[in-house]
Amino acid sequence: MSNQTTDLDSRIREMAGRIRALREIENLTPEKMAELTGVSTEEYLACEAGDRDLNFAFLYRCAGALSVNVTDIIEGYSPTLKSCTVTRAGEGQQIAHAHGMTYFNMAYAFRNRIAEPLFVVSTYSEEAQNKPIELTTHAGQECDLVIDGQLLVQVGAHREVLNPGDSIYYDSSSPHGMIAVGGRDCTFYAIVLNPTGEPIPELSSDKAAQSEPAKPEPKRDETGMIYRRFVDVEENENGTPTKITFKNTEHFNFAFDVIDEIAKKSPDKLAMLHVDREKVERRITFKDLKRGSNQCANYFKSLGIKKGDRVMLVLKRHYQFWYAILGLNKLGAIGIPATNQLQEHDFVYRFDSAGVSAILCTADGDTAHQVDLAAEKCPSLKHKLIVNGEREGWRNFNEEYTLYSSHYERKSDAPGGDDMMLMFFTSGTSGYPKIATHNYKYALGHFHTAKYWHAVDPDGLHLTISDTGWAKSMWGKLYGQWLSEAAIFVYDFDRFDAADILPMFAKYHITSFCAPPTILRMMVKQDISKYDFSSVRHMTTAGEALNPEVYRQFERATGLQIREGFGQSES
């Protein structure tokens, strides 16, 4: 056994040396080769040094990147046979040993082959039974046929157990992997078709081209959903929207027309699962949102806040933010979300620029103190409301708003349509931050954001990481999501800790997830393969350019393809 191990190690070093020599001939950097082979630079250099097993997919990506036949890398010469080749039992060319798999090429000497027939031995591992399957991708299509034992195969998020005689055929550019199960080793044939990506003549006939397309998944019956009162959508056969039009928008008010109507239709439907920093959970229904927003509207009205007044909200991820913003929407006061990172001069500029007359502010940290310093210079600020605490000179929001009626009548002159609803301060890339103003139709504009980009599930749970101080939270964890009648998950953390939040995906069965690339990079560093992402069906990102390696690592570990978007405070 030790001699076999030594021989294999020697072969790996020989193959690694050929890869390095070919790379230098092609004048490619290790960084470029890492990109072309779908691994990190560190992983590539370890492979090139012979310090890591060279798996099947990596060898073929190297061959493609270096414009050689894979046999050139494995044996150091090009295949020569072009008529036929016979490989006797036990005489296949051993090409790799990785992830508990040993691969033998059964046609290594055949020139210009359009398939790679592999005999594979998968070693049973008890430890592997309790870990996520390691996934990989490579060009072409693959057919796996089990000879002996049992094989658990994962393609994307789909899993199947294959018994002797069973086979599976799939697009091998999809993340896939397999392990032996059933308590013993498994042997199977893996036939990789078209590893170079060139068309296979036998599959390019007119008859093949006319084959039936795959049937789309059954569509959900959405005839009773509230959004249909305001949105008409035309979709193609794949469910992609080709046309979206809006109707009944003249007096549209999201808080009245969506939240209150869902509360009437499905009062106990979950709207938000909120977890605070002490891990206290709150399950907030649409009925709760209606009652809480009505209390806030009555409370604000009692303070003299009226339609058109500008009210700033600096509330991190406190659940009270959603009650307050919906209450402002009903009253007609203009909500101005802001981050708790602002300092005195930032508040002074914003108070003066927007004419802010009231502020709801978190009691956490030093933010309220910075507001007090700014308030001395800004006479327009009349009302200061503290949330989750007490402070001299401030009203206690938590205690006071609950004293007011949970009924609020929608009058004939209620705000809606073209009336102003929100103000955002832009990031100030050039000069001072500018004000971006949005009317009540803004909520409708993000219907497609939630339904077709985030792909939220009305029966699922959507997580957008964003703090409520950023415009992203409005189109990531409020209007579009609730217009689609999906629940949102909110974790009110102080500082992002990947190890803290990653277990929550499985615990709370989060089904869709959106975070900026910075957060995704931090999650990758935590080794996401250790965590269960099986509940997540869709991932999205925005805020900055997504690094391709972060994309690949998420795809490799979870099978999820991150959909990158672009948004602005102005849009």
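We did not get these values from a lab; they are worked out from the coordinates using the rules stated. Computed from a prediction, not measured in an experiment: that's the story for all the values here. All Cβ positions, even for glycine, are placed from backbone atoms using ideal geometry, and neighbour counts span all protein chains on display.
Data for the structure
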read-out	value
Amide hydrogen neighbours beyond the local backbone of residue 394, cut-off 5 Å, H modeled	none
Hits among aspartates and glutamates - C-alpha to C-alpha of residue 434 under 12 Å, sequence gap 8 or more where chains match	570
Cα→Cβ-extended label distance, 7 Å offset, between residue 369 and residue 353, nm	2.5
Two-decimal ratio, the chain, of alpha-carbon radius of gyration to 2.2 N^0.38 Å	1.19
Peptide ranges 164-170, 116-122, 252-258, 518-524 listed from the most packed, as the mean C-beta count within 10 angstrom indicates	252-258, 116-122, 518-524, 164-170
Set 384/472; 287/451; 279/301; 290/377; 441/525 screened for pairs whose C-alpha atoms are more than 31 Å apart	279/301; 290/377; 441/525
Kirkwood Rh and Cα Rg combined as Rg/Rh, region 428-571	0.96
Proportion of all alpha-carbon pairs of region 114-199 beyond 20 Å (%)	30
C-alpha long axis of helix 498-507 to longest principal axis of the chain, angle in °	90
With Cα atoms, 0 to 90° folded angle of helix 548-558 axis to the chain main axis	80
Shape of region 416-477, Cα gyration tensor, a/c cut at 1.5	oblate
Dipole magnitude of the chain, debye to nearest 20 (Cβ charges: Lys/Arg +1, Asp/Glu -1, about Cα centre)	1680
Region 114-199, dipole about Cα centre (Lys/Arg Cβ +1, Asp/Glu Cβ -1), debye to the nearest 20	140
Rounded if a/c under 1.5, otherwise prolate or oblate - region 273-432, Cα gyration tensor axes	oblate
Rounded to 10°, Cα long-axis angle of helix 320-331 versus longest principal axis of the chain	50
